[in-house]
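Data first, discussion second: the structure below is written as structure tokens.
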């Protein structure tokens, strides 16, 4: 029989053998997704009321509010009387907010806007008294290799990621910044589940074992999920679970303590590329092309807002507050379930309303500054603002005819947008476009030559993933003629304009549901690498040109098919050929071909039978407007140039103003 001393010794050995698990309470808050903003905000009021109450009664030590401030601001807009207690908990380091204004998608947001996201988020956070920050990216659909540099620019030296990490360990250096990989994700909501404490302990053991495989002496455990609150008895539940766990001891704390405990681990593994490995986690690549119109709006508004901001800074910064307001509208739309196009139709109608507001604001600022400071706007901008007109005379003097309808009351107005019409000489170019034997060829004087085709494929997927149909070889448009700068095809008419680049504009009435439309550029050699714009810089990606996703569709649960699709912002190129797009943000590699997505039509947020993903990524809510039936427009420009010259060609499409 064991003596009391031996029992105590054995208990101490068990405690010593246990690994410490640093757990933090959080919620992941999508402002909009499968419910609209105001619906989710009503839930936010209940969730955060409860969090504040638990903090006030000392039932929880702290709460991590998702690395953003927009949700807190949404809350305080309805509950302004709670601001004092919120500030108190932040200053006491029990409530952590920021550094971002909102959690945007990293591949569909440019560098300038991401920096504004941090600038506005940090300004708000520090005003509330928060001084500790982590670049918290727990649910973004993969991670840009340029993000760590931006965090460091703003003095942030810590980062948390999840999707796209593959087999990377828990602690690593991500392009120079100390980064934690949430091995099992951020949605550990087991303490809210209707299970016995024994079942919860068993579930936790299984998941902690998996986290331990890629961790050292300490483990990090997020406790929370999408739009989920905190259980009032969370501390008691953890205390009970700890008695049932032989290998782990869970301690309620915060992510900052974890970073301190593992500070010597980060240098043991370095990763200096983007994070888009979907072998362990979904990165939901179809979001790059869902609801193309949103991406087109986003590109246009990003450009106009940046130009308006540059002009107002150049001429006196009198619009600072209006610019910040417009950037907040843009950032609300760039929250990943917004810009990715995987929310309800009502959510995305509100997105478009915000985009239209940004266009109104930026056009007004640009025009007011132009009139005041007499600078010229680019031709592209001017053409957009020319109203319908009728030439009444080509001579000077007083016109004899009446210029208004005498049956109507004439109204005198001041017009800001009145432009003189001038003839501009065509830009000299060595690019040649020809249609021969039903094929389109692009060439230049240096002997470079590619073929251009238009193709489409069936899509049995959803807003998250293109649903490839096995053995679907697609359709290729027949090319009929090329006259008066219009290429007629069996799919649509293509308008062509010659300049430094050859510009293509496709307008058509889409009547097909569940299809992927692409423009295909057939190169001389297999495409093994591409260069594309990411956060206003060019990055290189490598591809296996022979890979066929249709031959690798997942059969096991929890697997997302690997693809040769990738995100782009305004440019993609290969083999000395480049494409500049206006809101087309996805490309694909097949053999010798580079394909750019023109449109992807689907009708459900998450299809439980998506052949490219064996597990749902969200609710199966029908979204008929994601089919994008009716009028559609796609614009892109092409030329032969190397990646180091891409900015020169970008500026022909997106020129600097003033």
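The values are calculated or read from the model by the stated rules, or taken from the named source; none is laboratory data. Since we're looking at a predicted model, the values are computed, not measured. We place every Cβ from the backbone using ideal geometry, glycine too, and count neighbours over all the protein chains shown.
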On the basis of being assigned to a loop (DSSP other than H, G, I, E, B), closer than 24 Å to residue 276 by Cβ and assigned by TED's automatic domain parsing to the domain that holds residue 459, does residue 620 make the cut? no
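Per-residue answers, yes or no, for (1) under 14 Å from the mean Cα position of the chain (by Cα); (2) closer than 30 Å to residue 570 by Cα; (3) assigned to a loop (DSSP other than H, G, I, E, B):
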site	(1), (2), (3)
75	no, no, no
83	no, no, no
87	no, no, no
109	yes, yes, yes
124	no, no, no
140	yes, yes, yes
151	no, yes, no
163	yes, yes, yes
Do any strands (runs of 3 or more DSSP E) entirely within the stretch 554-597 hold 2 or more residues that are at pLDDT 95 or above and touching a helix residue (DSSP H, G or I) at 6+ places or on another chain (Cβ under 7 Å), and if so, which? 565-567, 571-574, 577-581
Just need a number here: residues in the stretch 493-508 that are surrounded by 19 or more Cβ atoms within 10 Å (Cβ to Cβ) and outside any strand (DSSP E or B). 1
Looking at (1) crowded, with 24+ Cβ neighbours inside 10 Å; (2) outside any loop (DSSP other than H, G, I, E, B); (3) touching a strand residue (DSSP E or B) at 6+ places or on another chain (Cβ under 9 Å), which one does residue 296 not meet, given that it meets all the others? (1)
Is there a residue in the stretch 269-283 that is in contact with a strand residue (DSSP E or B) (Cβ under 9 Å, 6 or more places away or on another chain), farther than 30 Å from residue 553 by Cβ, in a strand (DSSP E or B) and in the same structural domain as residue 67 (by TED's automatic domain parsing)? yes
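Select, from 438, 467, 461, the only residue that is in contact (Cβ under 8 Å) with a residue 24 or more places away in the chain, under 24 Å from residue 597 (Cβ atoms), in the same structural domain as residue 567 (by TED's automatic domain parsing) and in contact with a helix residue (DSSP H, G or I) (Cβ under 7 Å, 6 or more places away or on another chain). Lay out the reasoning, then the answer.
Values: 438 fails: in contact with a helix residue (DSSP H, G or I) (Cβ under 7 Å, 6 or more places away or on another chain); 467 fails: in contact with a helix residue (DSSP H, G or I) (Cβ under 7 Å, 6 or more places away or on another chain).
None of the other options fit; the residue is 461.
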Every listed condition ((1) in a helix (DSSP H, G or I); (2) modelled with pLDDT under 95) holds for residue 202 save (2)
Residue 651 vs (1) in contact (Cβ under 8 Å) with a residue 12 or more places away in the chain; (2) loosely packed, with under 15 Cβ neighbours inside 10 Å: all pass except (1)
Suppose the filter is more than 22 Å from residue 609 (Cβ to Cβ) and over 24 Å from the mean Cα position of the chain (by Cα); does residue 523 pass it? yes
Those residues of the stretch 169-197 which are over 30 Å from residue 150 (Cα atoms) and crowded, with 21+ Cβ neighbours inside 10 Å amount to 191
Might you check whether a residue that is in a loop (DSSP other than H, G, I, E, B), touching a strand residue (DSSP E or B) at 6+ places or on another chain (Cβ under 6 Å), modelled with pLDDT of 95 or more and crowded, with 21+ Cβ neighbours inside 10 Å occurs anywhere in the stretch 94-102? yes
Candidate set: the stretch 49-67, residues that are free of Cβ contacts under 8 Å to residues at least 60 places away in the same chain and outside any loop (DSSP other than H, G, I, E, B); chosen: the one surrounded by the most Cβ atoms within 10 Å (Cβ to Cβ): 55
Is at least one residue of the stretch 319-336 assigned to a helix (DSSP H, G or I) and at pLDDT below 95? yes
If you check 584, 595, which single one turns out to be closer than 29 Å to residue 165 by Cα, more than 20 Å from the chain's Cα centre (by Cα) and surrounded by 19 or more Cβ atoms within 10 Å (Cβ to Cβ)? 595
